[in-house]
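Here is the structure we will look at, set down as structure tokens.
The values are calculated or read from the model by the stated rules, or taken from the named source; none is laboratory data. These numbers were taken from a predicted model, which means no experiment stands behind them. Just the protein is used for accessible areas: all its heavy atoms, side chains included, with ligands, DNA and RNA removed. Shrake-Rupley method; radii C 1.70, N 1.55, O 1.52, S 1.80 Å.
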Amino acid sequence: MINYEQDFYGWTQEQAALLKAGRLNDLDITNLIEEIETMGRSEKRELQSRLTVLLLHLLKWQHQPERRGRSWTLTIEAQRVDFQDVLSDNPGLKPHLPGLLEHAYRLAKVKATQETGLDRNVFPVQCPWTLDQLIDDTFYPG
């Protein structure tokens, strides 16, 4: 049996082969459970990351109209696509969207304050946009 901590790749391949062969009693159940849970958390973090970058750029778009440009537009478009891709690959994350949005917005405000030099109080306390607006390709805040 390949050691999980000494050869992770080898361990994954061995576990897959054991599953394919139906040798369930030979599986490293403890580490398999840990890895599966980690994979789920990773997808959730990826969705939140896409949302954070999207919100950050929408905040900058709204509060620094003089700096709007192609780069921001393309970043917003790319984050919308990436967000929707991650969500369509992981529909089980949909019930978590309100909490993810709240956390992503808090982080986006901090980053917007840092990147723009604007006072933190310029940005609304709660996210001013709905999820429908965030994924709408035509939505850009005034």
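For segment 1-137, with all protein chains present and a 1.4 Å probe, just round the carbon and sulfur fraction of the accessible area to a whole percent. Each step should come with its number before you reach the end.
Numbers: 4350 of 8570 Å².
That fraction is 51 percent.
List the equivalent ellipsoid semi-axes of segment 97-137 in whole Å, largest first, each obtained as the square root of 5λ for an eigenvalue λ of the Cα gyration tensor. Show your work: numbers first, answer last.
Numbers: eigenvalues 78, 25, 16 Å².
Value: 20, 11, 9 Å, ordered largest first.
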Folded to 0 to 90 degrees: helix 29-63 orientation relative to the chain principal axis, Cα: 10 degrees
Return one number: the angle in degrees, 0 to 90 and rounded to the nearest 10, between the long axis of the Cα atoms of helix 8-20 and the longest principal axis of the Cα atoms of the chain. 70 degrees
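Find the eigenvalues of the gyration tensor of the Cα atoms of segment 1-76, then list the square roots of 5 times those eigenvalues as equivalent ellipsoid semi-axes, largest first, in whole angstrom. Intermediate values should be presented prior to the final figure.
On the way: eigenvalues 414, 24, 19 Å².
For segment 1-76, the ellipsoid semi-axes come out as 45, 11, 10 Å.
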Residues of type aspartates and glutamates that LYS20 reaches as a straight line, Cα spacing below 15 Å, ignoring anything fewer than 8 places off in the same chain: ASP28
Stokes-Einstein D for segment 74-142, Kirkwood Rh over Cα pairs, 37 °C, 0.692 mPa s (µm²/s): 246 µm²/s
Whole-angstrom Cα spans of the chain along principal axes, big to small: 62, 27, 27
Among the lysines, select those whose C-alpha is under 17 Å from the C-alpha of LYS44, and discard any that sit fewer than 8 residues away in the same chain. LYS94
If you line up the long axis of helix 70-89 against the longest principal axis of the chain, both from Cα atoms, how many degrees apart are they, to the nearest 10? 40 degrees
Over segment 29-142, average the accessible area per residue using a 1.4 Å probe and give it in Å², no decimals. 59 Å²
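Using only Cα atoms, what is the ratio of the radius of gyration of segment 44-117 to 2.2 N^0.38 Å? Intermediate results must be reported in sequence, preceding the final value.
Values: Rg = 12.6 Å, N = 74, 2.2 N^0.38 = 11.3 Å.
With N residues counted in segment 44-117, Rg over 2.2 N^0.38 Å equals 1.11.
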